[in-house]
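Before any comments, here is the structure.
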Amino acid sequence: VTRQWCGDCWAHATVGAWEADINTALDSAEYDRDLSQQQVVSCSGAGSCSGGNFAGYYIRVTGLFDESCFPYSGTNEPCSLRCADWIDRIYFRALSTYSAGGGGLDNMKALVQKHPTYTTMTVYDDFPSYSGGVYEHTWGGYSGGHAVVVAGWNDADSCWICKNSWGTGWGESGYFRIKYGDSNCGRSGYHMPVGARLWVQSPIGRINPKIGYTFPGVDSTVNAGAHSPVMGDGDTVLACAGAQLFGFRRDSSFSADSFEFMMVGPSELIWEWDTITGIP
């Protein structure tokens, strides 16, 4: 079976930058979320195998689930083929989108220093044959537009260090270096602050945050509390336990009916009510 060509570099660059944003937010290179490029191609509305654009808005509204929920096929599959429990498999969502562009080299470096960054470039006929070193366009005409992830830079060689989506057998194990300003690479970029999913479970509804899930920002402070449906506000009616997925909290402050904690990753908050109130 021959797989059709798919012009979905924009989806790979979006997901690649977002995966790196998550690692940066959690301050962990070991937390390895393999997210679904096919979800972005099939569900985001930002493009298709015929090309597309940065899918940051979709990640703000929906978030991304894991690769195994919707494996990559490189085709325009319908979004309905994603796994049935896809909502429960979204652990992170973007809180907003920031862009850098028009401010010159230093502006882009400041963004890349904090976050590997989605960017676009022009592809010429000589670029696919790149096998190593610092690329500079030397021959051939315009071939098309392309999206990649800027992972870093090297001032000694005056170049960006970029991650491509053409496999590890291309370039420098899937990466390439390109001269500053060449092929319009690195002229602009996007970064998305990360919100981690917080699940809340309780047999009683009078709690904050509300039962269900929300996406507080990583390193943001969450205030949680509850009130007695029988005895009124401020009574000692509950106990709390956290079931962690990555790292539930730090710098936490507990009292009888509320507490404050710092988000460090996807977390589950469970309220357990005190039987002294007569609530089962």
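The values are calculated or read from the model by the stated rules, or taken from the named source; none is laboratory data. As the structure is a prediction and not an experimental result, all values here were calculated from the model. As a convention, Cβ positions derive from the backbone with ideal geometry for all residues, glycine included, and neighbour counts pool all protein chains shown. Ligands, DNA and RNA are stripped out before the accessible areas are found, and what is left, the full protein with its side chains, is counted by its heavy atoms. Shrake-Rupley method; radii C 1.70, N 1.55, O 1.52, S 1.80 Å.
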Label-to-label distance, nm, for residues given as residue 125 and residue 5 (7 Å Cα→Cβ offset):
1.5 nm
Put 168, 97 in order of accessible area, largest first, probe 1.4 Å, and you get 168, 97
Any GluC sites (Glu not before Pro) in the stretch 1-83 that lie in a DSSP loop and have at most 13 other Cβ atoms within 10 Å would be 30
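Hey, if we sort 125, 32 by accessible area with the 1.4 Å probe, largest down, what's the order? Don't skip to the answer; put the middle values down first.
Numbers: 125 75, 32 130 Å².
The ordering from most to least exposed comes out as 32, 125.
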Using a 1.4 Å probe and ignoring any ligands, DNA or RNA, find the accessible area of residue 272 and quote it in Å² to the nearest 10.
100 Å²
Could you pull the accessible area for residue 80 with a 1.4 Å probe, rounded to 10 Å²?
100 Å²
Heavy atoms of residue 12: accessible area, 1.4 Å probe, square angstrom to 10:
40 Å²
With a sphere of radius 12 Å drawn around the Cβ of residue 215, what net charge do the other residues whose Cβ falls strictly inside it have (Lys, Arg +1; Asp, Glu -1)?
+3
Summed residue charge, Cβ within 15 Å of residue 119's Cβ, Lys/Arg positive, Asp/Glu negative
+4
So what is the relative contact order for the stretch 76-152, in percent, with contacts set as C-alpha pairs under 8 Å and at least six apart?
29 percent
Largest-first ordering by accessible area, 1.4 Å probe, given options 109, 210, 163:
210, 163, 109
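Just to confirm a number: summing +1 for Lys and Arg and -1 for Asp and Glu over residues other than residue 34 whose beta-carbon lies under 14 angstrom from that of residue 34, what do you get? Walk me through the numbers before you get to the answer.
Details: positive: 33, 89; negative: 19, 30, 32, 66, 67.
It works out to a net charge of -3.
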On the principal axes of its Cα set, how long, how wide and how thick is the stretch 87-174? Give whole Å, largest value first.
46, 32, 23
